[in-house]
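This report concerns only the one structure given below.
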Amino acid sequence: MPNATPIYLDHNATTPILPEVVDAMLPYLREHFGNPSSSHPYGAAARRAVALAREDVARLLAAEPDEIVFTSGGTEANNLAIFGAMEGASRRGLVTSVVEHPATSRPAARLEAYGAKVTRLGVDDAGRVHMGEARGAIDVATRLVSIMHANNETGMLQPIAELSTHARAHGALVHTDAAQSVGKVVVDVGELGVDMLTVAGHKLYAPKGVGALYVRRGVALAPFALGAGHERGLRPGTENVASIVGLGTACAIARRELASEAARVRALRDRLHQRLAARVFGLALNGGVEGRLPNTLSVRFPGVRGSVVLAGAPEIAASTGSACHEGGEEASAVVLAMGIAPEDALGTVRLSLGRGTTEDDVDRAAHALASAWERAGGATTVTGPTGL
């Protein structure tokens, strides 16, 4: 019988709000309800809270507080970076990749429809962008390079610092969507060399509906929404004070515990991989062994679709990355871009661990998933183990 509460292995989709984050938010949902733009004490209390949160976000990114612009989340931050950088620019080139989140790929497609030249870099079999392609694509006509820091499906980290060095040599701006990496690995805007960087609150144990965009001092962006002068005039609208406080608290916790939590969850991820591979002969890893997020395990179950494996293990909450529609099921575009055959790519299951994941969770999940694969007939399609 499945547990009443499934084992949650979908932290790359969203994370639960930490209790400490909820506690920090509550006063700003109750007594400290003021508008930060108001001059009276109610407004001053809210304004101080926003300023402190801005400092906490900046510290996590090794940035300055005045370089942090609060948004409604990662999608808005990406849109602000991309449209804001491209609007009115004499250069009309945008370089991105084939494995971006829709929050980047769809704005890129809109710009392309309006006449911008969009170049989409391919990836190798580990899911990393081809630097050779990048060096050929980034030139004096390039206004912006927008490549995600870590892929949401495979967890693979992209060579952002190397891309930034090449882009700067040609006078181009660099934006990276770091929604998946912030709070999981060290994200230092100086080391990455980026001009803009996206943060999504609900990916690091803060609420949904809040995020931030790091904008390096001196970078001029055009706002795509107009109103009063909030957030340096880049994001008009009265601030979501409680959620901003929550984001700041989550960033402070992440900064304090980053190294220890990364090591803990990496060990659990590898334990999960080893236990699955011991029973699922022919299990394949999507992406490289190194250079990926410590919490992410994307694997292909041979001979059985990932959706079937998860349906057979209702005690596990995870995802496949494939898209279902009336005509059937399509494999993940990210996995296909790595050169995986469609029939094999459909076997993908993404397992993303988090702060609440325990060793017992991992062991039970491995047993449930392997058993589901066996019941679905996967064991009859292969003859023996292929190793890790």
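The values are calculated or read from the model by the stated rules, or taken from the named source; none is laboratory data. Because the structure is a prediction, the values reported are computed rather than measured. Cβ: placed from backbone, ideal geometry, glycine included. Neighbour counts: every protein chain shown. For accessibility, only protein heavy atoms count, side chains too; no ligands or nucleic acids. Shrake-Rupley method; radii C 1.70, N 1.55, O 1.52, S 1.80 Å.
Things to note:
- For the stretch 320-337, residues that are modelled with pLDDT of 95 or more and either in contact with a strand residue (DSSP E or B) (Cβ under 6 Å, 6 or more places away or on another chain) or surrounded by 22 or more Cβ atoms within 10 Å (Cβ to Cβ) (or both) total 3.
- Checking every residue in the stretch 1-12 against the condition of being open to solvent by 50 Å² or more (accessible area, probe 1.4 Å) and assigned to a strand (DSSP E or B) gives at least one match.
- Leading residue by the ranking (nearest to Gly34 (Cα to Cα)) among those in the stretch 237-264 that are not polar (S, T, N, Q) and not in a helix (DSSP H, G or I): Glu239
Okay, residues lined up against (1) closer than 26 Å to Ala44 by Cβ; (2) surrounded by 15 or more Cβ atoms within 10 Å (Cβ to Cβ); (3) in contact with a Lys or Arg (Cβ under 8 Å, 6 or more places away or on another chain):
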| residue | (1), (2), (3) |
| --- | --- |
| Val187 | no, yes, no |
| Gly190 | no, no, no |
| His202 | no, yes, yes |
| Pro207 | yes, yes, no |
| Leu226 | no, no, no |
| Gly233 | yes, no, no |
| Thr238 | yes, no, no |
| Leu247 | yes, yes, no |
| Cys251 | yes, yes, yes |
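- Candidate set: the stretch 298-310, residues that are in contact (Cβ under 8 Å) with a residue 60 or more places away in the chain and among the aliphatic types (A, V, I, L, M); chosen: the one most open to solvent (accessible area, probe 1.4 Å): Val308
- If you go through the stretch 77-86 and pick out every residue that is open to solvent by 10 Å² or more (accessible area, probe 1.4 Å) and either more than 27 Å from Ala137 (Cβ to Cβ) or hydrophobic (A, V, I, L, M, F, W, C) (or both), you end up with 1.
- Among (1) part of a loop (DSSP other than H, G, I, E, B); (2) open to solvent by 50 Å² or more (accessible area, probe 1.4 Å); (3) in contact with a helix residue (DSSP H, G or I) (Cβ under 8 Å, 6 or more places away or on another chain) - the single one Arg271 does not satisfy: (1)
- Among the residues of the stretch 64-75, the ones that are surrounded by fewer than 21 Cβ atoms within 10 Å (Cβ to Cβ) and closer than 17 Å to Gly233 by Cα come to 3 in all.
- Residue within the stretch 90-97 that is among the aliphatic types (A, V, I, L, M) and either touching a Phe, Trp or Tyr at 6+ places or on another chain (Cβ under 9 Å) or at pLDDT below 95 (or both) present: no
- Positions within the stretch 23-34 being in contact with a Ser or Thr (Cβ under 9 Å, 6 or more places away or on another chain) and surrounded by fewer than 18 Cβ atoms within 10 Å (Cβ to Cβ), in sequence order: Asp23
- For the stretch 347-375, residues that are open to solvent by 20 Å² or more (accessible area, probe 1.4 Å), within 24 Å of the chain's Cα centre (by Cα) and of a type outside the set (Asp, Glu) total 4.
- Among all positions in the stretch 18-28, there is no residue which is among the small types (Gly, Ala, Ser) and either in contact with a Pro (Cβ under 8 Å, 6 or more places away or on another chain) or part of a loop (DSSP other than H, G, I, E, B) (or both).
- Search result, residues across the stretch 35-63 that are in a loop (DSSP other than H, G, I, E, B), open to solvent by less than 60 Å² (accessible area, probe 1.4 Å) and free of Cβ contacts under 8 Å to residues at least 40 places away in the same chain: Ser38
- If you go through the stretch 186-235 and pick out every residue that is among the acidic types (Asp, Glu), assigned to a loop (DSSP other than H, G, I, E, B) and in contact with a Ser or Thr (Cβ under 9 Å, 6 or more places away or on another chain), you end up with 1.
- Qualifying positions in the stretch 357-373 - in contact with a strand residue (DSSP E or B) (Cβ under 7 Å, 6 or more places away or on another chain) and either within 28 Å of Val99 (Cβ to Cβ) or among the hydrophobic types (A, V, I, L, M, F, W, C) (or both): Ala365, Ala368, Leu369
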